[in-house]
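Note sheet for the following structure.
The values are calculated or read from the model by the stated rules, or taken from the named source; none is laboratory data. Model, not experiment: these values are computed from the prediction. In this analysis, Cβ positions are derived from the backbone assuming ideal geometry, glycine residues included, and neighbour counts consider all displayed protein chains.
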Amino acid sequence: MKPAPGVLPWDVDAPPFDPCDTTARETLTTREVAQRFIQLFYVEDNPTDGFTCWMHPDYVQHNPNAPTGRDATLAMMHASMARLPHLTHEVKRVVWGDADLVAVHFHFLREAGTRGHAIIDILRMEAGYIVEHWDVMQEVPDPATAKNDNGMF
């Protein structure tokens, strides 16, 4: 699924950068690192390249349901992808924070035909790597049970 128009500041099918280019990573801004990771991980649903290129090997994971460290998290993701081959991430908005933080608000579907989850990932960058991750997840409820018509996204 493609992100909603205007959410990302580039053409998701033809970004103005090579998302796997880690040349001189320490000179990249937080925004540049995040853009490349977002393209690979969320837009292209390519966690292998996203994590291999941009996640520090010793990154700190704050989700208690996931292991810490790049390789352990990637192994968990590969197992999930094998069980759920149609999972998707649809970026709804990105909050380009100050200094070293970026937040990505997205719609996560494990399986087609479900309402999925609204998730916010908070990523902390350092020296051209993502070094820390937090997330907040909420099930998308049946609209008939909502107390307003605003929706989750």
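Annotations for the structure displayed:
- Here segment 74-113 is the region considered, the condition is being assigned to a loop (DSSP other than H, G, I, E, B) and either touching a residue at least 60 places away in the same chain (Cβ under 8 Å) or over 18 Å from Thr48 (Cα atoms) (or both), and the residue that is farthest from the chain's Cα centre (by Cα) is Gly113.
- Checking each residue in segment 19-62 for being part of a helix (DSSP H, G or I), of a type in the set (S, T, N, Q) and out of contact with any strand residue (DSSP E or B) (no Cβ under 7 Å at 6 or more places or on another chain) picks out Thr27, Gln35, Gln39, Thr48, Thr52.
- Here Met137 passes the criteria (1) over 25 Å from Val12 (Cβ atoms); (2) exposed (fewer than 14 other Cβ atoms within 10 Å of the Cβ) except the one numbered (1).
- In segment 16-28 there is no residue that is within 16 Å of Ile120 (Cβ to Cβ) and surrounded by 14 or more Cβ atoms within 10 Å (Cβ to Cβ).
- Flag for Val12 being touching a residue at least 40 places away in the same chain (Cβ under 8 Å) and either of a type in the set (Phe, Trp, Tyr) or outside any helix (DSSP H, G or I) (or both): no
- Checked against (1) of a type outside the set (Val, Ile, Thr); (2) assigned to a helix (DSSP H, G or I); (3) at pLDDT below 95, Met1 passes all but a single condition, namely (2).
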